[in-house]
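The values are calculated or read from the model by the stated rules, or taken from the named source; none is laboratory data. All values derive from a computational prediction rather than experimental measurement. Cβ placement follows ideal geometry from the backbone for every residue including glycine, while neighbour counts extend to all protein chains displayed. SASA here: full protein model, heavy atoms, side chains in, ligands and nucleic acids out. Shrake-Rupley method; radii C 1.70, N 1.55, O 1.52, S 1.80 Å.
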Amino acid sequence: RKMPDKYLHDHHCGTVGTMDDYYDVLEVIRQASYEEIKASFQKLALANHPDKSNEPHAAETFRQIHAAWKVLGDANSRAAYDETLTNEDHVGANAEEVPLGDFERNGNIFSKHCRCGSSYEISQEDLDEGYQLVQCSGCSLMLSIVL
């Protein structure tokens, strides 16, 4: 299933993902312990490492596994992610579609002012990883970036 991920401000700029559900990516259930998640990450990362796998999409699979681990391997990020899963249909349905061209670019960061006075921000790295939903840093409004 697709998920919106509040992915937090500690790594990404308030972005919300459109990648597969991170629990599915790491092949664990939502109630999995940290140790179970870590063990699955290590097993999947080794099996799908581009230097070790002959699969044509190994690099992309490895990136998804790594992105899932970044969120599920950190207690705070995981808690925020779990909260967004509860509201995923609501969030995605209410996101306004906005072309990337409507964002201002400053180096590696794209930003757009929100009506609340704060802004939406997303990095080029996030866009490259497939993220298209972004939450305002000052309110709960969401934008879906049209590339």
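Numerical summary
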quantity	calculated
Additional length obtainable on full extension of the chain from Arg30 to Glu97, 0.36 nm per residue less Cα span	21.1 nm
Distance between the stretch 28-70 and the stretch 108-147 - C-alpha centres, whole angstrom	27
Carbon + sulfur, % of accessible area of the stretch 21-147 - ligands and nucleic acids excluded, 1.4 Å	46
Gained length - Cys139 relative to Ser118, 0.36 nm times residue gap less alpha-carbon distance	6.8 nm
The stretch 57-63 - phi-based ³J(HN,Hα) in whole Hz, Karplus 6.51/-1.76/1.60, Gly and Pro as x	10, 4, 5, 5, 4, 4, 4
Residue-normalised accessible area of the stretch 96-145, given per residue in Å² at a 1.4 Å probe	54
Accessible-area ranking of Lys70, Lys52, largest first, probe 1.4 Å	Lys52, Lys70
Cut-off under 5 Å, modelled amide H: who pairs with Ser119 long-range	Cys114, Ser137, Gly138
Alpha-carbon Debye profile of the stretch 22-89, log10 I(q)/I(0) at 0.18, 0.23 Å⁻¹	-0.65, -0.94
When the convex hull of its Cα atoms is projected in every direction, mean area for the stretch 96-145 (nm²)	3.1
Rounded to whole Hz, the Karplus (6.51, -1.76, 1.60) HN-Hα couplings of the stretch 35-52, x for glycine and proline	4, 5, 5, 4, 4, 5, 4, 4, 5, 5, 5, 5, 5, 10, 4, x, 7, 10
Total formal charge among the other residues, if their Cβ is under 15 angstrom from that of Asn106, Lys/Arg +1 and Asp/Glu -1	-3
